[in-house]
Amino acid sequence: VKFSFDRQFDKNHPYYKYGKWEYAEFALEPLDRVEIVDEYTVRFYLKYPFSPFLANLAMFSCAIVSPTAVKKYGADFFKNPVGTGPFRFVEWVPKDKIVLEANPDYWGGRPYLDKLIFRVIPDNSVRWLELQRGTIDAMDGINPDDIPAMKADPNINFYQVPALNICYLAMNMEKKPFDNVLVRRAINHAINKKAIVDAFYRGIGIVAKNPIPPNMMGYNDKVKDYEYDPEKAKQLLAKAGYPNGFETTLWTPPIPRVYIPQPTKVAEAIQADLAKVGIKAKIVTFDWGTYLQKTRNGEHEMAILGWGSDNGDPDNTIYVLLDKDNAKKGVASNIAFYRNDKLHDLLIKAQQTTSITARKRLYEAAQIIIKEDAPWVTIAHTSAVAAARKYVKNFSIPAISAIKFTRVWLDK
């Protein structure tokens, strides 16, 4: 346990050099040291109070790894993972599949499945065809248009739960004219979010007015969203000095994500809405890895992106995506490059207080500031959805984290 954490935050650790530890920068930043108390106990010492720490420990980045395997494989450990989970790693064929087998020594009891194969099928529609044919047993990444057929198919179970995510349009405040709050508010008024959600989320999404979803602690339902009002958008643009609009670029993800199942169609709808108020937006995209790196570098003007909570704590969304600490080019998770000192103070107080009531109030106040400053257009919160053949038993999907297969079994 100590080894698993020390290698991520202690720069003098001999195995620190083998990782980028991007999640450790915020998940473990408060950690001062880890002390072994006895064979089954460790004690964490923090540099300062940090309420989200326990939630952070439940994140995938805090999984316990085998020191022996890390020492053996070094930089190639990710190709040969050894942890404490219910399945053992067997094989990884990039862009094809990952094969796991049951771990008979798992502390929670041997899983029911002998083998688990994750197949890479990039296209949602092809994945659905494979499920219908029975060549795969379960799938996620579902096109909303396919859901009625899934629900009607007697051989398929469809699963849906409210998730903890957000799809948003970030405006890069380091680039004109997005440094002008009137322009950002105008864009919020120009986009018909309800029409987008109705057309392209088809029952698995709701319109978002805040960065965090309604089922997360601290959600402020009293925040008033920007109503769809193209005329008001035009008035704000004129007041900002752009009576005839302007030209810009609109970046969109190249592949479906949980928070945006049809990215191209969403981008085209936004493009059409902006054109109605005089903003000519050219749609731009890249492969997924390049897209992420370029937005972290701040190369975009406007970019659609999203986030799924890692741990269910509002800090993991609001602080990570909208605090000034995370607006550093090259590693930015705040791709609006939005910086507000008052917001920062609220978010740090929310991190350092242990009172849930006080934390709720702080996050509620934070959402008011964010809405007024309008660094984003908050688009949608989606449900987590999946489908499986009827013979797949004890299958369920969580609001956060990955699907657990430990107690899944096949009745065939």
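Just one of (1) among the small types (Gly, Ala, Ser); (2) at negative phi; (3) buried (at least 19 other Cβ atoms within 10 Å of the Cβ) fails for Ala332. It is (3).
The set of residues from the stretch 242-291 being aromatic (Phe, Trp, Tyr) and surrounded by fewer than 18 Cβ atoms within 10 Å (Cβ to Cβ) comprises Phe246, Phe286, Trp288. For the stretch 182-231, the set of residues classified as part of a helix (DSSP H, G or I), within 22 Å of the chain's Cα centre (by Cα) and buried (at least 19 other Cβ atoms within 10 Å of the Cβ) consists of Asn188, Lys193, Ile196, Val197, Phe200, listed by residue number.
Do you know which of the residues in the stretch 295-338 that are in contact (Cβ under 8 Å) with a residue 24 or more places away in the chain and among the basic types (Lys, Arg) is farthest from Tyr168 (Cα to Cα)? Of everything passing the filter in the stretch 295-338, Lys329 is farthest from Tyr168 (Cα to Cα). Just one of the listed residues (Ile196, Ile156, Ile206) is of a type in the set (Val, Ile, Thr) and closer than 30 Å to Gly134 by Cα, and it is Ile156.
Taking the listed residues Asp313, Asp345, Asp273, Asp325, the one that is in contact with a His (Cβ under 8 Å, 6 or more places away or on another chain) and either part of a loop (DSSP other than H, G, I, E, B) or assigned by TED's automatic domain parsing to the domain that holds Glu247 (or both) is Asp325, with no other qualifying.
Screening the stretch 38-145 for strands (runs of 3 or more DSSP E) wholly inside it with 1 or more residues that are in contact (Cβ under 8 Å) with a residue 24 or more places away in the chain, of a type outside the set (S, T, N, Q) and more than 21 Å from Lys404 (Cα to Cα) returns the ranges 41-46. Selection of first residues in the stretch 162-175 that are over 30 Å from Ala402 (Cα atoms) and without any contact (Cβ under 8 Å) to a residue 24 or more places away in the chain and of second residues that are of a type in the set (Gly, Ala, Ser) and part of a loop (DSSP other than H, G, I, E, B), restricted to Cβ pairs under 6 Å at least 6 apart or on distinct chains, gives an empty result.
The values are calculated or read from the model by the stated rules, or taken from the named source; none is laboratory data. None of these values were measured; they are calculated from a predicted model. Because the Cβ atoms are built from the backbone with ideal geometry, glycine has one as well, and the counts that use them run over all protein chains shown.
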